[in-house]
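Each remark here refers to the structure printed beneath this line.
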Amino acid sequence: MTVATRGLVHGVQPLGQDLACIDWSAPWLSPWRNMGEPIARRVSVLGAQPAALNLATQSAWPDSRPVPIRFVPQADLPAGQAYEQYIFDSAQCPTREGLHDFFNGLAWLHFPLIKQRLNHLHVAQIAKTGIAPVRGPARDALTLFDENAALMRAPDELWEALLAKNWRRVFVDLRPQWADTTLVLFGHALLEKLVYPRKSITAHVYRAHPATDCIADMDFWVADSLSAEKLASKPFAHLPVLGVPGWWPANQTPSFYDDTSVFRAARTQVIMAG
């Protein structure tokens, strides 16, 4: 199987301490490790995530190419200005210390086109509806994608079983098909939660059809496919992440999937005769 992929605690964390809890050998972090692990180490030296992320940005985008984003301390966000509007206007991302914004920074570095697309869609919705106490379905869906999405390239048979929440079929009967599946954990809150893995952690999976399994192709294809209307229609399948074959030792035993508090059956709609 090819593995390629703001939140729980929003307060300021001691510099670098929470990043030291990341197990970079976790299979869901394999596509993030080459860039993420050195950045985490650099935070402990520089004492600030924005500076460490900006150094990685300089390496990823040479001077001859435009940098998609720069990272600034959270205090740079003007009082009363919407976070997404500030990013759109300044190409700067306010960044707090801690796991949540660390993984958000990694998402910008790995998937700049998707992150830019989500930001532009947010700003378009703000222009349409303003900043309301309650977000509408489009902005809710944009936030859900940004925080908790996983991107999946999978055979039709496996995808249909996942949509149906036919867990025995997804993880036992069709287990060999996971070798032909690419799963990328994108949401930064999702990645944050998985620093402390729990069986109940569930991703909202968005099906992708890139030409290849490389991150750049996934980034381009997904960004091009996203719209506020499409996301508001909730085009997601639910996936308890630790059920992915090869991602958690206990799931080698089929009874792992018998836990109905995690692997819940699909809801059936009851139609009452009038």
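Computed 3J(HN,Hα) for the stretch 27-40, one whole-Hz value per residue from the Karplus formula 6.51 cos²θ - 1.76 cosθ + 1.60 where θ = phi - 60°, is x, 6, 9, 4, x, 9, 5, 4, 8, x, 5, x, 5, 4, glycine and proline marked x. Within the accessible surface of the chain, defined with a 1.4 Å probe on protein heavy atoms only, the carbon and sulfur portion equals 55 percent. Under the convention that each Lys and Arg Cβ holds +1 and each Asp and Glu Cβ holds -1, the size of the dipole of the stretch 61-100 around its Cα centre is about 80 debye. The magnitude of the dipole of the chain, with charges of +1 and -1 set on the Cβ of Lys/Arg and Asp/Glu and taken from the Cα centre, is near 420 debye. The string of couplings for the stretch 95-112 from the Karplus curve (6.51, -1.76, 1.60, θ = phi - 60°) is 9, 8, 6, x, 4, 4, 7, 4, 5, 4, x, 4, 4, 4, 6, 8, 10, x Hz, one whole number per residue in order, with x for Gly and Pro.
Distant-in-sequence amide contacts of Leu239, defined by a placed amide H-H separation under 5 Å and a gap of 5 or more residues or a different chain, comprise Ala203, Val205. Note on Lys165: aspartates and glutamates with a C-alpha under 20 Å away, same-chain residues under 8 apart excluded, are Asp156, Glu157, Asp173, Asp180, Asp258, Asp259. Seen from every direction in turn and averaged, the convex hull around the alpha carbons of the stretch 123-274 projects onto 12.2 nm².
Close amide H pairs (under 5 Å, H built 1.01 Å from N) link Gln92 with Arg70, residues at least 5 positions away or on another chain. Ligands, DNA and RNA are left out, and with a 1.4 angstrom probe the accessible area of the stretch 144-274 is 48 Å² per residue. All Cα-Cα separations within the chain were binned at 5 Å from zero, giving a P(r) of 1, 5, 12, 16, 18, 16, 13, 9, 5, 2, 1, 0, 0, 0, each value a whole percent of the pairs. Counting Lys and Arg as +1 and Asp and Glu as -1 over every other residue whose Cβ lies under 13 Å from the Cβ of Thr202, the net charge comes to +3.
The values are calculated or read from the model by the stated rules, or taken from the named source; none is laboratory data. No experiment lies behind these values; they were computed from the predicted model shown. Counting neighbours? That spans all protein chains shown, and the Cβs are built from the backbone with ideal geometry, glycine included. Note: areas computed on protein heavy atoms with side chains; ligands, DNA, RNA excluded. Shrake-Rupley method; radii C 1.70, N 1.55, O 1.52, S 1.80 Å.
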